[in-house]
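**Q** I'd like to ask some things about the structure below.
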Amino acid sequence: MPEPRKNADQGRYELTDGGQIVGFAEYQDQGDTVVLPHTEVSAGHEGEGLGSQLAQFALNDIRQAGKKVVPTCPFIRSYIEKHPEYADLVAQG
């Protein structure tokens, strides 16, 4: 089962499976907010729920840090719309 982790050096959340990166969500920490511009899952792993696993891990990490999110990635935006428990994290303005 893929394991999520935060890779601060690369500025992304990653999913690894057997030491291989099978998905990632880029982030840009801007102080009080975190921009999530891009999410990608490796070919051959689409449809396995990995993007959702990444989104959940990233959003929980942002919540724990007490920050707001700017979801410029269409996938993350859609994930938040489908999971309203994360709507309070979206930065207003």
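The values are calculated or read from the model by the stated rules, or taken from the named source; none is laboratory data. Remember, it's a predicted structure, so these values are computed and weren't measured experimentally. Here Cβ is always computed from backbone atoms with ideal geometry, including for glycine, and neighbour counts include all displayed protein chains.
**Q** At pLDDT 95 or above and more than 15 Å from Met1 (Cβ to Cβ): does that describe Val41?
**A** Considered against the rule, which asks whether it is at pLDDT 95 or above and more than 15 Å from Met1 (Cβ to Cβ), Val41 comes out as no.
**Q** Give me a count of the residues in the stretch 55-64 that are touching a residue at least 12 places away in the same chain (Cβ under 8 Å) and more than 9 Å from Tyr79 (Cβ to Cβ).
**A** Counting residues in the stretch 55-64 that are touching a residue at least 12 places away in the same chain (Cβ under 8 Å) and more than 9 Å from Tyr79 (Cβ to Cβ) gives 5.
**Q** Considering only the stretch 65-91, state which residues are part of a helix (DSSP H, G or I) and free of Cβ contacts under 8 Å to residues at least 12 places away in the same chain.
**A** Pro74, Arg77, Ser78, Glu81, Lys82, Pro84, Glu85, Ala87, Asp88
**Q** When residues of the stretch 46-74 are filtered for being surrounded by fewer than 18 Cβ atoms within 10 Å (Cβ to Cβ), under 11 Å from Gly23 (Cβ atoms) and touching a helix residue (DSSP H, G or I) at 6+ places or on another chain (Cβ under 9 Å), how many remain?
**A** 1
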